Structure formats: C-alpha cells, structure tokens
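The values are calculated or read from the model by the stated rules, or taken from the named source; none is laboratory data. From a predicted model like this one, the values you see are computed outputs, not experimental measurements. Using ideal geometry, Cβ is built from the backbone for each residue, glycine included, and neighbour counts are taken over all protein chains shown. Heavy atoms of the whole protein, side chains included, go into the accessibility calculation; ligands, DNA and RNA do not. Shrake-Rupley method; radii C 1.70, N 1.55, O 1.52, S 1.80 Å.
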Amino acid sequence: MTTSYESVDQNKFGFEKFEHFFRETDVDGSGYIDQDELIEKLIKCGFKGSVDSMKRMFATADTSGDGQISFHEFMVAMGFKLSPKHKGDMMRFVFSEYDTHGNRKIHISQLEKIFKEFEKHFVRGEIRRMRELAEKMKDSAGFIDYEEYLKQIQIQQGIIKMEQLKPKPKKPEEPVVEKVSATTVTSTFTAPPPKMYNGPKMVQLTYKLHYRVPRGSDDKLAILGDIPELGKWNPADAVIGTESPIGSGWWSVIMEVPAETPFEWKWVVIPKSKCHIVRWEIEYGGPNRTAYSGDRNQIITHTHIPWQDWTKY
C-alpha cells in the first residue's frame with residue numbers, strides 16, 4: 001500500500017493498523033477525532049489509564065489546538081512523518097489560502113504566519129533556508145511567485161516534491177453569429193450592452209472550517225470583521241455559519257462584501273442568541289486576519305486554528 005507517510009520506526013504497528021484505528025474511532029466519519037471519541041475508543045480497547053491521562057494524550061496529539069485530531073495529527077503522534085510529496089502538497093495548499101488574488105503570488109509580509117504553520121513539519125534549519133530563499137526571490141514590490149518558490153525549495157533543499165500544475169483550459173472562443181438578409185448582406189451579431197447596476201459591486205466569499213461544537217450546545221461558528229457586512233465587531237451582527245451535514249463539524253459562512261475591499265476579520269463561536277462571544281480565534285501573534293475581497297466570488301477552506309475562550313464581549 002502506497003501512503004503519503006513514512007514510518008519513523010518500522011518495528012511499530014503498520015500504517016494500515018493505525019489507519020484502521022483512526023477510522024473506527026472517527027464514528028461520525030468527519031475525518032477528525034474529538035476528545036470524547038478517543039476516550040470512548042480507548043476504554044473499549046481496554047486502556048487502563050485514567051481519564052485525565054487520556055485527555056493529556058489527546059492534547060498532545062492535537063497540535064493545532066482546535067479541539068480535534070486530524071488524520072495527519074494522529075499519524076504524526078503515532079510516529080509517522082510526512083513524505084516529501086505530502087509536504088509539497090501541504091505547502092501549496094497553505095500558500096493558496098493566502099493567495100487572495102488567485103494569481104499564485106503572496107507578499108513577503110505574510111510569510112511569518114505561513115512559516116508558523118510549517119514549523120511542525122520542518123526543522124529550524126530548513127525554515128531558515130526557506131526564509132533566505134524568499135528574500136532572494138521577492139520582486140521589487142515584495143511579492144513572491146510561490147509556485148516558482150516551491151520549485152526552488154525542491155531543487156535546492158530536496159525536502160519536498162512538487163507535481164506540475166496542469167495549465168488552465170482556455171476558454172473557447174464564441175462563434176461569430178451571422179444573419180443573412182434577402183439581399184445576402186452579412187453582418188456580425190452584436191450583443192446588447194450589460195444592464196447597469198447603481199451601487200458598489202458585491203462579491204460572495206465563502207469561508208469553510210471544521211469545528212466541532214460541544215454536544216448539547218447551541219453555539220454556532222461565525223465570522224466578525226471591521227466592515228458593516230461583517231458586523232463591525234458587534235456579535236449581534238455576526239455572519240452565522242451553517243453546519244452541513246448537521247453534526248459533521250463542517251461549517252460554511254457565506255458573506256456578501258463590496259468588491260476590491262480590504263478588511264480585517266476573525267472566526268468566532270457565539271451562542272444562538274448572539275448576545276456575546278464564547279470563543280475567539282487566536283491568530284499567530286494576536287493580530288486579526290486581513291483579507292482583500294477581490295473582484296470575483298471565492299470559496300476558501302481554512303486549516304486548523306487555535307482558540308481562546310471568551311466569556312463576554
């Protein structure tokens with residue numbers, strides 16, 4: 001069986017056994033294990049440790065601090081490491097999340113946040129060399145073509161393996177429509193001008209995140225931000241997400257915001273009453289997330305994030 005992981009110790013249980021344990025423990029099939037699921041499974045397997053020791057095991061494996069263990073976190077905790085190909089895929093995915101314009105470029109100022117997400121997969125020397133390479137490759141405006149950047153990391157360090165991106169298919173040219181009159185005069189059809197819309201152009205942003213609400217709670221995942229469309233940091237006006245399927249932990253928040261607009265925002269957890277904030281997302285270093293709406297609709301899935309409990313707004 002070919003996997004994206006390499007065993008650190010070949011004398012340990014094989015990949016298949018760990019994978020089977022994870023799938024059995026993930027009873028709802030969400031792709032994540034929460035604390036209750038792990039404790040229940042360990043007890044069924046005859047684990048003799050205390051509940052507190054099981055909670056400590058869970059906290060150790062939950063490196064993202066979001067209250068759930070992903071398959072990758074589980075495999076790393078069990079002594080497996082990412083293969084070069086999986087590392088390359090992971091890095092490309094993280095860069096694409098920060099690529100708000102969709103042009104495969106990121107600004108040098110975003111790299112520290114990105115490197116924070118890489119720290120558990122690379123040693124300090126590898127991260128240091130990535131920083132040095134980024135400084136050499138940035139253009140006069142401070143932007144980096146991250147596809148070329150990843151390619152150079154592969155060539156110079158050999159710690160990742162990148163697959164060539166397939167070129168986007170070209171949009172087919174619209175056929176010329178001709179109409180022939182009785183006198184066989186040929187003319188090209190001209191489409192009517194588009195209807196004018198009075199007001200700012202709006203775009204739809206769909207942000208997705210996996211977050212498991214405690215059982216029996218009416219809490220909801222939501223987004224707050226500094227523009228009116230995102231509530232101007234007032235929890236009563238937060239944009240509430242939808243969990244689908246219910247109980248899966250997969251949330252989507254759909255926002256209508258003005259095009260070409262910069263804004264700051266955070267993921268939050270609020271009760272159904274929207275009277276206060278239960279938990280705030282903690283960005284690395286504490287600042288809010290920043291985004292740029294661009295001129296087109298976007299769907300972005302975010303990776304695991306740390307949280308801070310917040311009893312009042």
Check your understanding: Among the aspartates and glutamates, which fall within straight-line cross-link reach of Lys266, defined as a Cα-Cα distance under 13 Å, with same-chain neighbours fewer than 8 residues apart omitted?
Key -> Asp226, Glu281, Glu283
Study note, to complete from the structure: From most to least accessible, 1.4 Å probe, no ligand or DNA/RNA atoms counted, Lys87, Lys55, Lys136 line up as Lys136, Lys55, Lys87
Revision key, fill the gap. In the structure shown, of Lys81/Lys113; Lys116/Lys274; Lys17/Lys161, the pairs separated by more than 29 angstrom at the C-alpha atoms are Lys116/Lys274
Revision key, fill the gap. One can check that the equivalent ellipsoid of segment 24-174, built from the alpha-carbon gyration tensor with semi-axes equal to the square roots of five times its eigenvalues, has lengths in Å, largest first, of 37, 19, 14
**Study point:** Amide H contacts under 5 Å for Trp307, placed H, 5+ residues apart
**Key:** Ile282
**Study point:** For Asn103, net neighbour charge (Lys/Arg +1, Asp/Glu -1) across residues whose Cβ lies under 11 Å away
**Key:** -1
Study note, to complete from the structure: With the 8 Å Cα cutoff and a minimum separation of six or more residues, segment 74-151 has a relative contact order in percent of 35 percent
